[in-house]
Every structure is written in C-alpha cells, then in structure tokens.
1. Can you name the residue in the stretch 171-185 that is under 14 Å from Thr211 (Cβ atoms) and crowded, with 19+ Cβ neighbours inside 10 Å and, of all such residues, is nearest to the chain's Cα centre (by Cα)?
2. Report, ordered by the first and then the second residue, all pairs with beta carbons closer than 9 Å, sequence separation of six or more or different chains, a first member in the stretch 120-134 that is among the basic types (Lys, Arg), and a second member that is at pLDDT 90 or above.
3. Take the residues of the stretch 50-85 that are surrounded by fewer than 24 Cβ atoms within 10 Å (Cβ to Cβ), charged (D, E, K, R) and touching a residue at least 60 places away in the same chain (Cβ under 8 Å): which is farthest from ligand 1 (Cβ to nearest atom)?
4. Please specify each residue of the stretch 225-249 satisfying the condition of being among the charged types (D, E, K, R) and touching a Phe, Trp or Tyr at 6+ places or on another chain (Cβ under 8 Å).
5. State whether one or more residues within the stretch 55-64 are within 15 Å of ligand 2 (Cβ to nearest atom) and in contact with a Pro (Cβ under 7 Å, 6 or more places away or on another chain).
6. Could you pull out the residue among Tyr259, Tyr269 that is under 19 Å from Thr43 (Cα atoms), in contact with an Asp or Glu (Cβ under 8 Å, 6 or more places away or on another chain) and among the aromatic types (Phe, Trp, Tyr)?
7. Looking only at the stretch 161-204, which residues are more than 16 Å from ligand 2 (Cβ to nearest atom), touching a helix residue (DSSP H, G or I) at 6+ places or on another chain (Cβ under 7 Å) and outside any helix (DSSP H, G or I)?
8. Specify which of the listed residues (Tyr269, Tyr259) is in contact with a helix residue (DSSP H, G or I) (Cβ under 9 Å, 6 or more places away or on another chain), under 22 Å from Tyr31 (Cβ atoms) and of a type outside the set (A, V, I, L, M).
Amino acid sequence: MKFYHIFILRQQLIFDFLPFYHYTVSMATIYSITNQKGGVGKTTTCLCLGSALAEKGYRVLLIDFDPQAGLTVCLGFDPDCFPTTIYDVIINSEQYPLQKIITDTRVLNLKIAPANLDLAGAEGELIGEIGWDRNLRDAINPIKNEFDFIFIDCPPSLGVLTTNALISAHTVIVPVQTEFLALRGLKQLGDIIAKVKKKGNPSLRKRILRTMHDVRTLHSKEVVEELERIFPDEIFKTIIKRTVKFADASLAGVPILLYAKSSEAAEAYRHLAEEVIEDAKETVS
Ligand SMILES: Nc1ncnc2c1ncn2[C@@H]1O[C@H](COP(=O)(O)OP(=O)(O)O)[C@@H](O)[C@H]1O
Ligand SMILES: [Mg+2]
C-alpha cells in the first residue's frame, strides 16, 4: 500500500466518523432562563426542556443558580447533602472547578450543578470584586465542550447572579405567564438585557416562552396574541399550558417527561426542544 493510499483511507475514516467527531468536539449552546418574577415556570422549563433534549441524546447540563435550589430539589436531591455547590464555584473556581460539582441525575444524559442556600451569600461577596459579572462565564468555559446544551436556572431577581447568567449565555429564555400582570416586569428585564449586551455580551439573543397558559379564559388568549405582537421575531411557537401535572411531578422528584411520559405537558416541552435545537443552529452560524 502506497503512502497516498493510507492517506485516502485515513480521510475516508475521518469522513465516516464525521458526525461522531462533530458531536464530541462541538461547543455547548448556553441558555439563561430568566425572569425577575417568581413562579412563572423558570425552574420547570429548565428541568423539562433539559430532559427533553437529554431524551433525544444530547448531553445536557443544568446549572441551579437560585439559592432556593428548586431545580436541585425537583431532581430529587437534598440541597444540604452537597459538600460543594455552585456557590463555591463562583466564589473560587480555581479551587472548586465546575467539573468537580457536576452530578449525574436519574435522567440519562442530564447532569446538574447543584445549589443550596449558601448561594444567597454570593450576591454580597461578589459585588466588590473586579470582574464580578464574569465569574460564572469563566467557570463554564473549561467544560463547554463536554455538553451540547447548558441551561442556567436564574433566581427571581435582577442582581449579581442573574447578571452573571446573562453574561454567560448565548440566548436568554424569558418564561412569561399569559396574564396581563406578567407583562409589567418585561420592560425592566429588557433594560437589563440591553445593558448586558452593551457592556459584556453583545451577541446575547432573547426568546419569549409563553407558560401557564389557561386555555379557558379569553384574557389569557389576548395576552398570547399581545406577546406575539410585541415580540414577533423572538417568540417560541410552543405554548406551555397550565396543568397540575407539573406540581405532581415535582413532588415525585422527577421531570414530567418521566412522570407522565405521554402527557400533553411532556409533549409541549418536546416541541419546545425542537425549536431550541433550531435556535442553537442559528446561534452557532
Ligand atoms: N405550566 C404549568 N402549569 C401549572 N403549574 C406549573 C406550570 N409550570 C410550573 N408550574 C408550577 O408552578 C410552580 C412555580 O413554577 P417554577 O417553575 O418553580 O417557577 P419559577 O422557577 O419561575 O419560580 C411550581 O409549583 C410548578 O410545579
Ligand atoms: Mg425557580
């Protein structure tokens, strides 16, 4: 066999394994799930969207970035059982690299960086530091080739933690309840996003997700249309309806995609996952 035969054979092998090759070296698309209003479905979206992508075979990391640790709890963990959490990582990522705290979950391909109440102290500790808004981004950087998608579950505030999440993300997903009062905080959130784009993350994109939609009320339907009018190019087509199944799944400590596999709610998050896969392609290109 001549040298160029070996060369051609080698090229052929690389070509044959190209999808796998691409899969292992691709960089994660990072999403911050953000809204300063509590109870709008941030944690639920993080968990269900992450599970839907994991179910499709993508490698997904969920970062619990809320001191209330709802995401950690919803995956069946006791937040106080972790010796180190995301708090240690963002305070001192050299001593506590993100890699060290990442934990497997009951869902295949889905991992979590857990949080607990310690994280509440981070706001005060970081604020005086130089580059306080970049700590999470720097912590994610070394591991971003190991995942296809990373979702950051923000707290219900617009402080240090949320700013860190927005600086780290390619896209911010804003879950909005389909109620008039839910529209009120969007202006303030829009201002923060604009500031982050100007100061540190110019390519940050925004997508609106309509959640907890009550199909029985006319008022809900009007808000659905109003959001479409205000954000024509930034809105997900999928609408998440209101159902008690989410609360039942949280109690069981498993995502709805496992708890009620073929429910309408699980299917809605699978549809959303398809939209997010398309969004990620646009982010990369
Ligand atoms: N589409 C939905 N329909 C009904 N209940 C929901 C829905 N999405 C979330 N929930 C429930 O509402 C509560 C708040 O949701 P959560 O995701 O924790 O909001 P956030 O993280 O924004 O505070 C939880 O008990 C959750 O189970
Ligand atoms: Mg939450």
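The values are calculated or read from the model by the stated rules, or taken from the named source; none is laboratory data. Here the structure is a predicted model, which means the values were calculated and not measured. In this analysis, Cβ positions are derived from the backbone assuming ideal geometry, glycine residues included, and neighbour counts consider all displayed protein chains.
1. The selected residue is Ile173.
2. Here the result reads Arg134/Asn164; Arg134/Ile167; Arg134/Ser168; Arg134/Gly200, each pair linking the stretch 120-134 to a residue that is at pLDDT 90 or above.
3. Of everything passing the filter in the stretch 50-85, Arg59 is farthest from ligand 1 (Cβ to nearest atom).
4. Lys245, Asp248, listed by residue number.
5. Here is the first cut: in the stretch 55-64, the residues within 15 Å of ligand 2 (Cβ to nearest atom) are 62-64.
From what is left, the residues that are in contact with a Pro (Cβ under 7 Å, 6 or more places away or on another chain) are 64.
Checked against the condition, which is being within 15 Å of ligand 2 (Cβ to nearest atom) and in contact with a Pro (Cβ under 7 Å, 6 or more places away or on another chain), the stretch 55-64 yields at least one hit.
6. Working: Tyr269 fails: in contact with an Asp or Glu (Cβ under 8 Å, 6 or more places away or on another chain).
Of Tyr259, Tyr269, the one residue that is under 19 Å from Thr43 (Cα atoms), in contact with an Asp or Glu (Cβ under 8 Å, 6 or more places away or on another chain) and among the aromatic types (Phe, Trp, Tyr) is Tyr259.
7. The answer is His170, Thr171, Thr178, Glu179, Gly200, Asn201, Leu204.
8. Working: Tyr259 fails: under 22 Å from Tyr31 (Cβ atoms).
None of the others qualify; the one that does is Tyr269.
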